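Each reported figure results from applying straightforward, stated rules to the coordinates on display, with no laboratory input. All of these numbers come straight from a predicted model, not from anything done at the bench. Every residue, glycine among them, receives a Cβ derived from its backbone with ideal geometry; neighbour counts consider all protein chains shown.
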Amino acid sequence: MSNRFFKKIVAETNEYERTPIPDSSLKGSKSFLGMYAGEHTAGTEFVIGPLFVAHGVSAGDLVFGLLIGNFLAVLSWGLITAPIATSKRLTLYYQLERIAGKNVVRWYNLVNALMFCFLAGSMIAVSATAVGIPFDLEMPTLTDWLPRTPGWILTVLLMGAVITLVAIQGYSQVSKFANIMSPWMILIFFAAAIVGLAQLGVNSADSLISVAQEVIWNGVPLPGMSRFSIWHIIFFAWFCNMAMHIGMSDLTILRYAKSWKYGFTSFAGVYLGHFVAWIASGILYAVFLQANATSQEFAPGAIAYQTLGIAGAICVVIAGWTTANPTIYRAGLALQGIFPKVQTWKITAIVGGITSIAACFPALVMKLLDFVALYGLLLMPMGAVIFADFYFSKKMGFQAEGALSSGSNFSLPALLSWVLTLGFCLGLNLMYGVEIFFLGLPGWFVAVAIFVILSKLKYPTKPSLAL
Amino acid sequence: MKNLAKVFSLLGLLLTIVPPVLFFMGSMEMGTMKIAMGIGMVAWIASAPFWINKPAGSDQG
């Protein structure tokens, strides 16, 4: 049930694209539990956990940071996204079109598609670190931005070609395969933690704490890496899916929910994928570092293979592939919104080409934390616009869904909220050195404020004749 | 057929998680554990498609 539901949503069939979901098509909470649990245990988890270790976070900061940050993420889904989704029951794109106009949505689609391409590219690179093992491929290191060898480029391009061909064939088979593999992959993460801890000499609760604090997350960053505090962990865990919750991408999914409370089912995804899996992959990397103390190599496939054997390496390939494939498909859909007359397979082929070229650059993997934060930040202002339009239009005296109500394809308040918010965030970063992980929160308030002020000027509510 | 597949799938999951626990307890060598996990993976991949994603009434065998 949950698989068909997931497939229907992600494949963006023609059902209810421009109409609210009827009551007969609403789904129960189990569908959302399964979908969130599967979607957030993905290829990215094999990179993020190790990068926390490389950034020298301490054990206490990691555990408490993840508990708090993931809790805030669940609250964001439950209290911000789901109430709007179940009230309007429209896709993100259509809701945004009614507020911002078709012309602004086109730019949103373009940014979205590019971000999807880079995300898929990083996942192809992660898979390549496992595929390259039998060929003794030289793996990238933490400080690499450019490909090291022609062999890496060849491997990545071949993988990109295969993944693109599969994406051209359609989405459903890969979606089915991803759903089939999800329970096994979750267990592999648990297995990784158990085996890794044994290899690090843990045999009691006391030794678990000491190994966690002194060996795995010892608070010392690797050479060339900045040090992460509990604030980095809280904000990263909260905002790594910023595009989905406060950025409102999950309006498209949660519009099927019978109750707004189903937004809280996201806890299944974040506490499995963004707690257990990140901790497990961090343990795997610590085992690798113990055996290769001076190594700067950063290859999730090789790391998993060392501890879990062929099952670990295959898990990395599958996790990377099943994340990359739907991401390429989604990028294609976003681009098709801009070029509706171009055939789907051509769009997917172009997206696959961009993705494959991007995957050649290990920087996408090594800087995945920054990239994920950037991805959410770029899309977040439009989520703030939807929030402000929904909650403040009546209270603050401006017309809701400005583009629709004015019969326009372009809303200046929405566009300026997006551009000026990103300018504000860039200013905070350049002038005050605020790191990208912390820009989302002030940016969200700025986007809401700009949209409300400009909407009051551009789309004021007409004075009532009765008064 | 579907029930048989479910048994193999369960076996696959057990072979994925039990050997690591045995390794942690010192009751299994790492090489054996890796082989068992590999077999578990094959069992899961070979059997799960026969029942996951299948509508409840689609079992023909």
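Which pairs in the list A:Lys258/B:Lys6; A:Lys30/A:Lys261; A:Lys88/A:Lys258 are over 23 Å apart, alpha-carbon to alpha-carbon?
A:Lys258/B:Lys6
Helix-only estimate, please: 222 nm mean residue ellipticity of the protein assembly as shown, summing -39500 (n - 2.57) across DSSP H runs of length 4 or more and dividing by its residues, to the nearest 500. Don't skip to the end; give the middle numbers.
Details: 24 runs with 355 residues, N = 528.
It lands at -22000 deg cm²/dmol.
Under 19 Å from the Cα of A:Lys462, which lysines turn up, not counting those fewer than eight places away in the same chain?
Answer for A:Lys462, where 19 Å is the Cα cut-off: A:Lys394, A:Lys395, listed by chain and number.
With unit charges on the beta carbon (Lys/Arg positive, Asp/Glu negative), name the residue among A:Ile68, A:Ile163, A:Phe32 whose Cα is farthest towards the positive pole of the charge dipole of segment A:2-380.
A:Phe32
Under a cut-off of 20 Å between alpha-carbon atoms, report the aspartates and glutamates in cross-link reach of A:Lys346, not counting same-chain residues fewer than 8 places apart.
Output for A:Lys346: A:Glu12.
Report, in whole Å, the centroid distance computed from the Cα atoms of segment A:42-72 and segment A:120-157.
24 Å
Among the complete DSSP H segments of chain A, which ones combine at least 30 Å of alpha-carbon extent along their axis with a mean Kyte-Doolittle hydropathy of -1.0 or more? Before the final figure, lay out each step's value.
On the way: long enough: A:102-131 (42 Å, 1.13); A:172-199 (39 Å, 1.27); A:310-338 (42 Å, 1.13); A:368-396 (40 Å, 1.29).
Helices passing the filter in chain A: A:102-131, A:172-199, A:310-338, A:368-396.
For peptide A:192-202, what's the mean number of Cβ atoms from other chains within 10 Å of each residue's Cβ? Walk me through the numbers before you get to the answer.
Values: counts 1, 2, 8, 9, 2, 2, 8, 3, 0, 0, 1.
What the average comes to for A:192-202 is 3.
Just how far, in whole angstrom, is segment B:1-56 from segment A:390-412 if you go by their alpha carbon centroids?
Distance between centres, Cα-based: 55 Å.
Might you report the magnitude of the Cβ-based charge dipole of segment A:2-380 about its Cα centre, with Lys and Arg at +1 and Asp and Glu at -1, to the nearest 20 debye? Walk me through the intermediate numbers first.
Numbers: 21 positive and 16 negative charges, 318 e Å.
The dipole magnitude comes to about 1520 debye.
Under 12 Å Cα-Cα from A:Lys367, which aspartates and glutamates qualify once same-chain neighbours fewer than 8 residues away are excluded?
Within the straight-line limit of under 12 Å, A:Lys367 reaches these aspartates and glutamates: A:Asp144.
Would any residue of segment A:87-114 have its amide N under 11 Å from a label point 7 Å out along Cα→Cβ of A:Ile338? List them or say none.
Of the residues in segment A:87-114, A:106-114 have backbone N under 11 Å from the label point off A:Ile338.
May I ask you to derive the relative contact order of segment B:2-50, considering only C-alpha pairs under 8 Å and at least 6 residues apart, and to give it as an integer percent? Intermediate values should be presented prior to the final figure.
Values: 47 pairs, mean separation 27.3, N = 49.
Normalised by residue count, the contact order of segment B:2-50 is 56 percent.
If you count, for each residue, the other Cβ atoms within 10 Å and average over each peptide, how do A:137-150, B:35-48 line up from highest to lowest?
Numbers: A:137-150: 15.9, B:35-48: 20.5.
Going by the mean number of other Cβ atoms within 10 Å, highest first, we get B:35-48, A:137-150.
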